[in-house]
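The next block holds one structure in the form of structure tokens; read it before the comments.
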Amino acid sequence: MTMHRRAVFAFAAALLLVAAVAGQDAPRKPKLAFVTNCVAEFWTVGSFGVEAAKAEFGVDAVVRMPANGTAEEQKRILEDLLAKGVDGIAVSPKDPENMTALLDKVAGRALLVTHDSDAPKSKRLCYVGMDNYDAGRLCGQLVKQALPDGGAVVLFVGNLDQDNARRRRQGVIDELLDRSRDPARFDKQDAPLKGGKYEVRATFTDQFDRQKGKAAAQDALARWSDVAAMVGLFEYEPPLLLETVKAADRLGKVKIVGFDENDATLQGIVDGHVHGTVVQNPYEYGRQSLALLAALVREKDAERRAALMPKERFVDIPARAITKANVEAFWTDLRQKTGRK
């Protein structure tokens with residue numbers, strides 16, 4: 001072997017050694033995951049928050065959305081993430097009552113926080129999001145603004161298994177019936193709900209099936225000619241209600257109130273066809289869930305890690321009411337955060 005070739009090999013070996021040492025010295029980025037409960041524009045906004053957190057807090061992170069929006073699919077996603085050895089998971093549980101054992105298993109092998117919808121009976125470390133009961137009451141206030149003289153109201157929600165769905169619905173009902181604040185209260189789906197000027201005529205569940213939701217809205221309008229307001233408690237539902245009311249030529253006669261910031265909902269507010277919507281902050285759900293997980297993963301001392309936990313294990317990201325008065329400012333801010341024009 002010539003002197004030149006030996007020098008080349010020696011130099012290459014030195015580079016490999018330097019790279020190996022550098023790799024040992026460089027801190028490993030926490031491997032995190034953000035798991036949603038379905039595929040929706042709402043969660044697309046949340047994924048932008050995840051991307052911001054990756055850059056801001058120096059983490060590797062993936063977003064996983066159950067394509068069919070089922071608990072079984074979410075379970076497979078969680079088990080796959082555990083198999084891949086993630087350090088922490090932020091999840092919006094599909095069915096917290098029946099997923100407690102699974103969530104506890106996840107919490108035993110990775111740091112676990114919930115977002116959007118809580119699982120308070122599980123061993124999750126913290127909940128990141130809004131108080132869904134209070135958000136429901138805020139939604140009820142929008143209905144009262146839209147219907148100052150009262151009337152029959154119909155509610156639409158994906159399902160009543162999720163903690164957020166149950167609490168939102170109950171908040172709307174309690175506000176309309178002028179009840180005291182009680183997040184633990186739950187009116188059965190078929191219970192007669194009437195008090196004062198308002199009657200909650202029915203609650204339809206669509207299991208995240210858009211066609212089923214639209215068919216339910218059509219059924220409600222055909223069944224009751226006196227429906228005065230329709231309320232969609234999940235992001236994809238207000239646009240369905242808007243389509244249905246428009247097709248029935250009842251725009252303006254049937255008030256629409258909703259949740260979340262679907263573009264069609266916001267445009268409906270601008271056009272005067274939707275009275276208002278209660279928005280969360282999915283961007284911050286993604287960003288702050290990962291910020292907390294990153295800090296917890298990096299802190300090895302148990303006492304200091306405990307000190308990082310928020311009060312009452314709750315990162316409060318309050319809900320906001322969006323009406324024609326503030327929709328343009330809100331939409332502009334949303335577009336800036338997500339890079340949309």
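The values are calculated or read from the model by the stated rules, or taken from the named source; none is laboratory data. Quick caveat: nothing in here was measured; it's all calculated off a predicted structure. All Cβ positions, glycine included, derive from the backbone under ideal geometry; neighbour counts span all protein chains shown. Just the protein is used for accessible areas: all its heavy atoms, side chains included, with ligands, DNA and RNA removed. Shrake-Rupley method; radii C 1.70, N 1.55, O 1.52, S 1.80 Å.
At a glance:
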quantity: Qualifying positions in the stretch 48-71 - open to solvent by 60 Å² or more (accessible area, probe 1.4 Å), under 17 Å from Glu235 (Cβ atoms) and not aliphatic (A, V, I, L, M); calculated: Phe48, Asn68
quantity: Residue tally, condition under 14 Å from Leu296 (Cα atoms) and assigned to a loop (DSSP other than H, G, I, E, B), over the stretch 74-113; calculated: 3
quantity: Condition met for Lys311 (at pLDDT below 95, surrounded by fewer than 21 Cβ atoms within 10 Å (Cβ to Cβ) and either in contact with a helix residue (DSSP H, G or I) (Cβ under 7 Å, 6 or more places away or on another chain) or under 26 Å from Phe57 (Cβ atoms) (or both)); calculated: yes
quantity: Of residues in the stretch 318-341 being modelled with pLDDT under 95 and part of a loop (DSSP other than H, G, I, E, B), the one surrounded by the fewest Cβ atoms within 10 Å (Cβ to Cβ); calculated: Lys341
quantity: Arg304 without any contact (Cβ under 8 Å) to a residue 24 or more places away in the chain and charged (D, E, K, R); calculated: yes
quantity: Residues that are open to solvent by less than 60 Å² (accessible area, probe 1.4 Å) and farther than 23 Å from Ala146 by Cα, drawn from the stretch 174-184; calculated: Asp182, Pro183
quantity: Filter result for Phe314 (within 30 Å of Gly108 (Cα to Cα), touching a Phe, Trp or Tyr at 6+ places or on another chain (Cβ under 8 Å) and among the aromatic types (Phe, Trp, Tyr)); calculated: yes
quantity: Cβ-Cβ under 6 Å pairs, at least 6 apart or on other chains, the stretch 172-184 side under 18 Å from Val200 (Cα atoms), far side part of a loop (DSSP other than H, G, I, E, B); calculated: Ile173/Asp187; Asp178/Gly196
quantity: Residue match in the stretch 38-53 (condition: in contact (Cβ under 8 Å) with a residue 40 or more places away in the chain, under 20 Å from the mean Cα position of the chain (by Cα) and assigned to a loop (DSSP other than H, G, I, E, B)); calculated: yes
quantity: Residue ID - nearest to Val254 (Cα to Cα), chosen from residues in the stretch 136-165 that are of a type in the set (D, E, K, R) and not in a helix (DSSP H, G or I); calculated: Asp149
